[in-house]
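Asker: The following block contains the structure, expressed as structure tokens.
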């Protein structure tokens, strides 16, 4: 257990680091794009329509209304939260071919929300929605093929699914596509194409893409070597509290790697190393 002195020291470093990044990076929190989540959530969240009005249409067989009612039960909007009942309504809509409901069912089985976790059912419903071109389903199914969850691991299939989702602008898929091209997974290694997809995701504010793009600039992979561009991308990710970006910035300024040494910015590395030491 850390002593009180050590705990206060860590808090001081954390506060100082926040001020450093706000002032020296010239950024403010409200201007920073939100970090993207790795797992996509419910498609077709509840609209402002009343539960009663939506229920009437859902009972009449409208798949869009059935999907909305399911989302209302899933989130507890206008009705008591009931994930199991949400699945019942999504099942009705999914059987009519509603892609959003199919995705929501897949997500429910993937997370074990409202029903026991079932990777096979998750993959089946994601496949149905992916076949209709739903980017979120293509992305989630792609991760299952990449990891070999429920389906046989298939990097080529994962790449194809990520490509389809990335082409629709889904940042998480663009990141995965870039990573696969950079590593040569399911495709010949191609830093130029990797950089292209990571750039698209980074420009949408995806912090993971920003960090990876910075590394490519640092190493000269897909771009001419340019530490200043690397730092620029890491700064964008760091202000979103991406620990890896903050550590890279701290390490760069601490060592004076292509830039003047700056002990204050180097506190990023010290701070995150101290946080790691706190973990059991």
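Taken together, the values in this text are just the output of simple stated rules run on the coordinates, not laboratory data. Everything numeric here is computed off the predicted structure, so don't read it as measured data. When we count neighbours, we look across all protein chains shown, and the Cβ atoms used for this are built from the backbone with ideal geometry, even at glycine.
Asker: Taking segment 40-134, how much of its Cα-Cα pair set, in percent, is spaced more than 15 angstrom apart?
Answerer: On the way: 2367 of 4465 pairs.
When every Cα pair of segment 40-134 is considered, 53 percent fall beyond 15 Å.
Asker: Let me ask another. Can you tell me, using C-alpha contacts under 8 Å and at least 6 residues apart, the relative contact order of segment 40-134 as a whole percent? Write out the running numbers ahead of the final one.
Answerer: Values: 153 pairs, mean separation 21.2, N = 95.
Result for segment 40-134 is 22 percent.
Asker: Once you have the Cα-Cα distance between residue 131 and residue 185, take 0.36 nm times their residue separation minus that, and quote the gain in nm to one decimal.
Answerer: My answer for the length gained is 17.1 nm.
Asker: So, one more: Evaluate the Debye formula for segment 88-173 with equal point scatterers sitting on the alpha carbons, no solvent, and hand back log10 of I(q)/I(0) at q = 0.13, 0.22, 0.27 Å⁻¹, in q order, two decimals.
Answerer: The computed values of log10 I(q)/I(0) come out as -0.36, -0.98, -1.28.
Asker: Counting other C-beta atoms within 10 Å, which of 75, 143, 252 has the fewest, and how do the rest follow? Present the calculation step by step, with values, prior to reporting the outcome.
Answerer: Details: 75 16, 143 20, 252 24.
Going from least to most buried by this count: 75, 143, 252.
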